[in-house]
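For reference, the structure is listed below as structure tokens.
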Amino acid sequence: MENDNNKVDSIVPESDDRISKGGIYKNRLISKEYSSSSQEKSDNESRINWHKISYMILLVTTIYLVYLTIAQGSELNQLQARLDQLETNIISSDIDSNLKEKDLKLEKHWSEIKKLWGIAYDRNAKSIKKIKTTLEYQKQDLTNIEKKLGRTNKSMDSLVSSSLATKLEVDDLISKYGNKPSSDIKARIFENEKAIEAIDAHRLIINRDIQQLKSQLSTNP
């Protein structure tokens with residue numbers, strides 16, 4: 001019996017062993033649960049960290065893109081300003097070159113005009129001198145004719161006055177004596193009238209000559 005009891009005892013574990021083994025099993029379960037919860041927690045933390053990192057990367061990328069856009073806009077504005085200035089300089093250069101070209105053309109034309117004028121003056125110097133001499137003579141003739149006209153006008157005025165005096169004298173004699181004028185008085189009146197007509201005709205001729213000379217002077221300045 002003792003042997004049997006010993007066999008039974010050797011096969012059946014003791015209570016302490018069972019308790020210790022049960023504790024180990026429980027500890028293993030607890031450690032597994034703890035490790036699984038730790039793993040989930042670490043996974044959640046890693047996901048949160050990854051989201052934060054992604055958000056930071058996105059934020060930094062956005063800020064960088066905004067900065068690049070602003071920088072490119074500023075560079076484009078500077079480039080446009082340079083292009084505008086360059087265009088203005090080109091236009092100014094074109095205007096200056098055109099003005100210089102026109103000035104050169106004008107100088108060339110003016111030089112040609114002066115050459116032609118010199119040639120024409122040399123060719124026509126004698127004719128010009130002759131025309132000037134003729135004009136001087138014509139001016140002198142005009143002065144002389146005007147003087148003659150002045151003297152003629154004075155003579156005309158004198159004869160008219162004399163004729164009027166004679167006529168008044170005749171009228172006075174007729175009114176006083178009722179006689180007709182004598183042949184001598186008639187002859188004197190007739191001579192005065194003829195002289196007046198002659199002087200008047202001479203004055204018309206002189207006026208015509210003066211007009212001709214004035215027209216010649218106006219056509220030959």
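None of the figures in this text is laboratory data; all of them are computed from the coordinates on show. Owing to the predicted nature of the structure, the values given are computational and were not obtained by experimental measurement. Glycine gets a Cβ as well: all are built from the backbone with ideal geometry, and neighbour counts include every protein chain shown.
Given 0.36 nm per residue, what is the gain on full extension from ALA187 to LYS139 after removing their alpha carbon distance, in nm? Walk me through the numbers before you get to the answer.
On the way: separation 48, 0.36 × 48 = 17.28 nm, distance 4.18 nm.
Here the segment from ALA187 to LYS139 would lengthen by 13.1 nm.
Roughly speaking, what is the stretch gain from ARG203 to ILE131, that is 0.36 nm per residue apart minus the C-alpha to C-alpha distance, in nm to one decimal?
Details: separation 72, 0.36 × 72 = 25.92 nm, distance 2.86 nm.
So the extension gain works out to 23.1 nm.
Please order ARG203, ARG123 by the number of other Cβ within 10 Å, starting at the fewest.
The order, fewest Cβ neighbours first, is ARG123, ARG203.
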